[in-house]
Amino acid sequence: MILSTFAILGGASGFHASAAESNATEQTIIRNEEQVSIQGTDKIFTGNARIDRIYPANNKMRSNGTSITFEPGARTHWHVHPVGQVLIVTSGLGRTQEWGKPVQEIHPGDVVICPAGIKHWHGAAANKSMTHIEINEAEEPGKVVEWMEPVSDEQYEK
Ligand code: MN
């Protein structure tokens, strides 16, 4: 089954609403408290993950920015990005894996570039949380990811 983040989270859930609709001719300052934290669902994560929006796409800008904090052992389901994705690890200790390749450890300051169409997952280490910023670009409005099956414990531990 393939689902998009957009559907699961109910559109631009958690994003700054007016910035998402912006046809702005001046700067927009999104105040910290204007975007609430969202608990990730088990439809796209194993374990506990918190989603903090940074900035939405709008009718001119195709990327959005989102911060995800994974508790120890938590990870995304397998997925692909239609245009690609950039991950910037900001704290903790993490893991990522491409389908058919070994699990790799990722550290604060590491930048992971996920090419379009490559099946992968990302998440925390087994005993340490991890936060990363995601820059997600959309091919068509709102379509930044196609979700697949959960990452099994066996896959995660390899
Ligand atoms: Mn990804």
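The values are calculated or read from the model by the stated rules, or taken from the named source; none is laboratory data. Computed from a prediction, not measured in an experiment: that's the story for all the values here. Neighbour counts run over all protein chains shown; Cβ positions are idealised from the backbone, glycine included. In case anyone asks, the SASA skips ligands and DNA or RNA and just uses the protein heavy atoms, side chains included. Shrake-Rupley method; radii C 1.70, N 1.55, O 1.52, S 1.80 Å.
Points worth noting:
- Selected residue (only one of 64, 58 is at pLDDT below 95 and either farther than 30 Å from residue 100 by Cα or away from the ligand (no atom under 14 Å from the Cβ) (or both)): 58
- Set 60, 101: member being under 24 Å from residue 14 (Cβ atoms) and either open to solvent by 20 Å² or more (accessible area, probe 1.4 Å) or assigned to a loop (DSSP other than H, G, I, E, B) (or both): 60
- Residue in region 108-150 that is farthest from residue 95 (Cα to Cα), counting only those that are of a type in the set (Val, Ile, Thr), surrounded by fewer than 18 Cβ atoms within 10 Å (Cβ to Cβ) and near the ligand (Cβ under 10 Å from one of its atoms): 118
- Only residues that are part of a strand (DSSP E or B), open to solvent by less than 20 Å² (accessible area, probe 1.4 Å) and away from the ligand (no atom under 12 Å from the Cβ) were counted in region 68-88, giving 1.
- The number of residues in region 89-98 being more than 12 Å from the ligand (Cβ to nearest atom), assigned to a strand (DSSP E or B) and open to solvent by 20 Å² or more (accessible area, probe 1.4 Å) comes to 4.
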